[in-house]
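Engineer: Have a look at the structure that comes next, please.
The values are calculated or read from the model by the stated rules, or taken from the named source; none is laboratory data. Quick caveat, the model's predicted, so the values are computed rather than measured. Because the Cβ atoms are built from the backbone with ideal geometry, glycine has one as well, and the counts that use them run over all protein chains shown. We work out accessible area using only protein heavy atoms, side chains counted, and drop any ligands, DNA or RNA first. Shrake-Rupley method; radii C 1.70, N 1.55, O 1.52, S 1.80 Å.
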Amino acid sequence: MKKICTVLSSAFFAVAAFAGTTTETAPFTIEPSGGTVESLQTFTMTMQPESGVYDLGFTSYYIYIEKDGTRVATSNGVKSLPNMQYELQFPAAIVENGEYTLVFPVGSVCKYDSEYSKIWTNETQYEYKYTVEAPAAEEIPFTLTPTPGSTMPIMKSFKLDMVTGGEAAALGFSP
(Lines give C-alpha, C1' and ligand atoms only; values in the text may rest on other atoms or scores of the structure.)
Protein backbone atom coordinates (compact mmCIF):
# COMPACT_ATOMS: atom_id res chain seq x y z
CA MET A 1 0.00 0.00 0.00
CA LYS A 2 3.06 2.26 -0.01
CA LYS A 3 5.02 3.71 -2.86
CA ILE A 4 8.74 4.24 -2.31
CA CYS A 5 10.41 7.14 -4.12
CA THR A 6 14.19 7.38 -4.22
CA VAL A 7 15.95 10.52 -5.37
CA LEU A 8 19.69 10.53 -6.15
CA SER A 9 21.67 13.75 -6.30
CA SER A 10 25.40 14.32 -6.66
CA ALA A 11 27.44 17.38 -5.81
CA PHE A 12 31.10 17.33 -6.83
CA PHE A 13 32.35 13.92 -5.69
CA ALA A 14 29.71 13.34 -3.05
CA VAL A 15 26.57 11.33 -3.69
CA ALA A 16 23.62 11.68 -1.34
CA ALA A 17 20.54 9.47 -1.39
CA PHE A 18 17.18 10.51 -0.01
CA ALA A 19 14.26 8.17 0.47
CA GLY A 20 10.69 9.24 1.14
CA THR A 21 7.34 7.48 1.24
CA THR A 22 3.92 8.54 0.08
CA THR A 23 0.72 6.74 0.99
CA GLU A 24 -2.31 6.70 -1.27
CA THR A 25 -5.42 5.56 0.57
CA ALA A 26 -7.95 3.44 -1.29
CA PRO A 27 -11.14 5.46 -1.97
CA PHE A 28 -13.27 2.61 -0.59
CA THR A 29 -13.49 0.27 2.35
CA ILE A 30 -13.69 -3.46 1.68
CA GLU A 31 -15.58 -6.28 3.38
CA PRO A 32 -14.17 -8.66 4.42
CA SER A 33 -11.24 -6.34 5.11
CA GLY A 34 -8.75 -9.15 5.69
CA GLY A 35 -7.92 -11.68 8.35
CA THR A 36 -9.20 -15.23 8.65
CA VAL A 37 -12.07 -16.29 6.37
CA GLU A 38 -13.68 -19.56 5.25
CA SER A 39 -13.52 -18.75 1.52
CA LEU A 40 -12.73 -16.01 -0.99
CA GLN A 41 -15.07 -15.18 -3.87
CA THR A 42 -17.14 -12.04 -3.28
CA PHE A 43 -16.06 -8.74 -1.73
CA THR A 44 -18.22 -5.69 -0.96
CA MET A 45 -16.60 -2.30 -1.44
CA THR A 46 -18.14 0.88 0.01
CA MET A 47 -17.11 4.24 -1.44
CA GLN A 48 -15.61 6.70 1.04
CA PRO A 49 -17.43 10.07 1.15
CA GLU A 50 -15.35 12.61 -0.74
CA SER A 51 -16.26 16.01 -2.15
CA GLY A 52 -16.54 16.06 -5.93
CA VAL A 53 -16.44 12.26 -6.35
CA TYR A 54 -19.64 10.84 -7.78
CA ASP A 55 -18.69 7.27 -8.64
CA LEU A 56 -15.85 4.76 -8.74
CA GLY A 57 -14.78 2.62 -11.66
CA PHE A 58 -12.97 -0.70 -11.43
CA THR A 59 -11.05 -2.42 -14.22
CA SER A 60 -12.12 -5.78 -12.85
CA TYR A 61 -9.93 -8.03 -15.01
CA TYR A 62 -6.87 -6.25 -13.51
CA ILE A 63 -7.92 -7.28 -9.99
CA TYR A 64 -6.71 -10.67 -8.80
CA ILE A 65 -6.04 -13.00 -5.87
CA GLU A 66 -2.55 -14.39 -5.43
CA LYS A 67 -0.97 -17.09 -3.29
CA ASP A 68 2.81 -17.31 -2.78
CA GLY A 69 3.33 -14.68 -5.49
CA THR A 70 1.30 -16.60 -8.10
CA ARG A 71 -2.06 -15.42 -9.44
CA VAL A 72 -4.72 -17.99 -8.60
CA ALA A 73 -7.89 -16.12 -9.63
CA THR A 74 -8.83 -13.05 -11.67
CA SER A 75 -11.99 -11.04 -11.06
CA ASN A 76 -14.77 -11.55 -13.56
CA GLY A 77 -16.77 -8.46 -12.70
CA VAL A 78 -17.80 -5.62 -10.41
CA LYS A 79 -21.50 -5.00 -9.86
CA SER A 80 -22.81 -1.62 -8.70
CA LEU A 81 -25.06 -1.83 -5.63
CA PRO A 82 -27.19 0.83 -3.88
CA ASN A 83 -25.70 3.20 -1.28
CA MET A 84 -22.36 3.71 -3.03
CA GLN A 85 -21.40 0.05 -2.79
CA TYR A 86 -19.86 -2.31 -5.33
CA GLU A 87 -19.57 -6.09 -5.37
CA LEU A 88 -16.33 -7.60 -6.65
CA GLN A 89 -16.78 -11.17 -7.90
CA PHE A 90 -14.46 -14.04 -8.74
CA PRO A 91 -15.56 -17.02 -10.89
CA ALA A 92 -15.21 -19.65 -8.14
CA ALA A 93 -14.77 -19.65 -4.39
CA ILE A 94 -11.27 -20.27 -3.06
CA VAL A 95 -11.67 -22.64 -0.14
CA GLU A 96 -8.22 -24.26 0.03
CA ASN A 97 -6.42 -23.39 3.25
CA GLY A 98 -3.54 -20.93 2.90
CA GLU A 99 -2.37 -17.31 2.82
CA TYR A 100 -3.84 -15.15 0.02
CA THR A 101 -3.62 -11.53 -1.12
CA LEU A 102 -6.37 -9.59 -2.90
CA VAL A 103 -4.57 -7.19 -5.26
CA PHE A 104 -5.84 -3.97 -6.87
CA PRO A 105 -2.93 -3.10 -9.20
CA VAL A 106 -1.99 0.40 -10.34
CA GLY A 107 -4.67 1.71 -12.71
CA SER A 108 -7.42 -0.67 -11.57
CA VAL A 109 -9.52 1.94 -9.70
CA CYS A 110 -10.77 5.31 -10.98
CA LYS A 111 -12.79 8.20 -9.53
CA TYR A 112 -15.42 10.05 -11.56
CA ASP A 113 -17.19 13.36 -11.06
CA SER A 114 -20.92 13.92 -11.58
CA GLU A 115 -20.40 14.35 -15.34
CA TYR A 116 -18.54 11.03 -15.47
CA SER A 117 -15.23 12.68 -16.23
CA LYS A 118 -12.31 10.70 -14.83
CA ILE A 119 -10.62 12.75 -12.13
CA TRP A 120 -8.18 10.18 -10.70
CA THR A 121 -6.65 6.74 -11.27
CA ASN A 122 -4.78 4.84 -8.55
CA GLU A 123 -1.00 5.06 -8.79
CA THR A 124 -0.42 2.72 -5.85
CA GLN A 125 -1.22 -0.98 -5.63
CA TYR A 126 -3.75 -1.84 -2.90
CA GLU A 127 -3.37 -5.20 -1.17
CA TYR A 128 -5.57 -7.02 1.36
CA LYS A 129 -4.23 -10.09 3.19
CA TYR A 130 -6.38 -13.15 3.95
CA THR A 131 -5.91 -16.50 5.63
CA VAL A 132 -8.36 -19.11 4.38
CA GLU A 133 -9.28 -21.66 7.02
CA ALA A 134 -11.95 -23.84 5.48
CA PRO A 135 -14.14 -25.70 7.98
CA ALA A 136 -12.96 -29.20 8.78
CA ALA A 137 -14.90 -31.97 7.07
CA GLU A 138 -17.61 -33.38 9.30
CA GLU A 139 -17.25 -37.07 10.02
CA ILE A 140 -20.14 -39.13 8.67
CA PRO A 141 -21.81 -41.06 11.52
CA PHE A 142 -22.15 -44.29 9.53
CA THR A 143 -20.21 -46.64 7.30
CA LEU A 144 -21.54 -47.34 3.83
CA THR A 145 -21.36 -50.47 1.70
CA PRO A 146 -23.42 -51.70 -1.27
CA THR A 147 -26.06 -54.25 -0.40
CA PRO A 148 -24.81 -57.81 -1.07
CA GLY A 149 -25.64 -58.80 -4.64
CA SER A 150 -25.63 -55.22 -5.96
CA THR A 151 -23.80 -54.62 -9.22
CA MET A 152 -22.23 -51.35 -10.24
CA PRO A 153 -22.74 -48.84 -11.82
CA ILE A 154 -26.43 -49.09 -10.79
CA MET A 155 -26.84 -47.67 -7.31
CA LYS A 156 -30.15 -48.19 -5.61
CA SER A 157 -29.64 -50.01 -2.34
CA PHE A 158 -26.99 -49.41 0.31
CA LYS A 159 -26.38 -50.77 3.78
CA LEU A 160 -25.73 -48.21 6.48
CA ASP A 161 -24.08 -49.27 9.72
CA MET A 162 -24.46 -46.73 12.51
CA VAL A 163 -21.24 -45.70 14.21
CA THR A 164 -21.48 -46.25 17.97
CA GLY A 165 -22.62 -43.16 19.83
CA GLY A 166 -24.31 -41.50 16.87
CA GLU A 167 -27.89 -40.30 16.69
CA ALA A 168 -30.40 -42.34 14.72
CA ALA A 169 -31.47 -40.91 11.36
CA ALA A 170 -33.31 -41.98 8.25
CA LEU A 171 -31.91 -42.06 4.72
CA GLY A 172 -33.97 -42.80 1.62
CA PHE A 173 -33.48 -43.00 -2.14
CA SER A 174 -36.06 -42.97 -4.89
CA PRO A 175 -35.61 -45.69 -7.56
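Engineer: Looking at Lys111 and the list (1) farther than 22 Å from Gly34 by Cα; (2) open to solvent by 30 Å² or more (accessible area, probe 1.4 Å); (3) modelled with pLDDT of 95 or more, which single condition is not satisfied?
Structural biologist: (2)
Engineer: Still on this structure: Counting only residues that are assigned to a strand (DSSP E or B) and polar (S, T, N, Q), which one in the stretch 85-119 is nearest to Thr29 (Cα to Cα)? I'd like the intermediate steps shown before the answer.
Structural biologist: First, pick out the residues of the stretch 85-119 that are assigned to a strand (DSSP E or B): 85-94, 98-104, 109-112, 118-119.
Going one step further and asking which of them are polar (S, T, N, Q), we end up with 85, 89, 101.
Details: Gln85: 9, Gln89: 16, Thr101: 16 Å.
Top of the filtered list is Gln85.
Engineer: Could you give me the residue pairs with C-beta distances under 8 Å whose first residue belongs to the stretch 31-48 and is touching a residue at least 12 places away in the same chain (Cβ under 8 Å) and of a type outside the set (S, T, N, Q), whose second residue is open to solvent by less than 50 Å² (accessible area, probe 1.4 Å) and in a loop (DSSP other than H, G, I, E, B) wherever it lies, and which are 6+ apart or on separate chains?
Structural biologist: Glu38/Ala134; Phe43/Pro32; Met47/Pro27; Met47/Val53
Engineer: With the condition kept exactly as written, say whether any residue in the stretch 36-48 is open to solvent by 50 Å² or more (accessible area, probe 1.4 Å), within 21 Å of Gln125 (Cα to Cα) and not in a strand (DSSP E or B).
Structural biologist: yes
Engineer: Give me the residue from the stretch 55-84 that is polar (S, T, N, Q), in a strand (DSSP E or B) and open to solvent by 60 Å² or more (accessible area, probe 1.4 Å) and, out of that set, nearest to Ala136 (Cα to Cα). It would help to see each step written out before you state the result.
Structural biologist: Taking the stretch 55-84 as the starting set, the residues that turn out to be polar (S, T, N, Q) are 59-60, 70, 74-76, 80, 83.
Next, only the ones that are in a strand (DSSP E or B) stay: 70, 74, 80.
Now restrict to residues that are open to solvent by 60 Å² or more (accessible area, probe 1.4 Å): 70, 80.
Details: Thr70: 25, Ser80: 34 Å.
Only one residue tops the list, namely Thr70.
Engineer: Out of contact with any Cys (no Cβ under 9 Å at 6 or more places or on another chain), of a type in the set (Ser, Thr, Tyr) and modelled with pLDDT under 95 - does that describe any residue in the stretch 13-31?
Structural biologist: yes
Engineer: When residues of the stretch 71-90 are filtered for being within 23 Å of Gly35 (Cβ to Cβ) and either hydroxyl-bearing (Ser, Thr, Tyr) or free of Cβ contacts under 8 Å to residues at least 40 places away in the same chain (or both), how many remain? Show your work before the answer.
Structural biologist: Of all residues in the stretch 71-90, those within 23 Å of Gly35 (Cβ to Cβ) come to 71-75, 78, 81, 85-90.
Filter again for either hydroxyl-bearing (Ser, Thr, Tyr) or free of Cβ contacts under 8 Å to residues at least 40 places away in the same chain (or both), leaving 71-75, 78, 81, 86.
Qualifying residue count for the region: 8.
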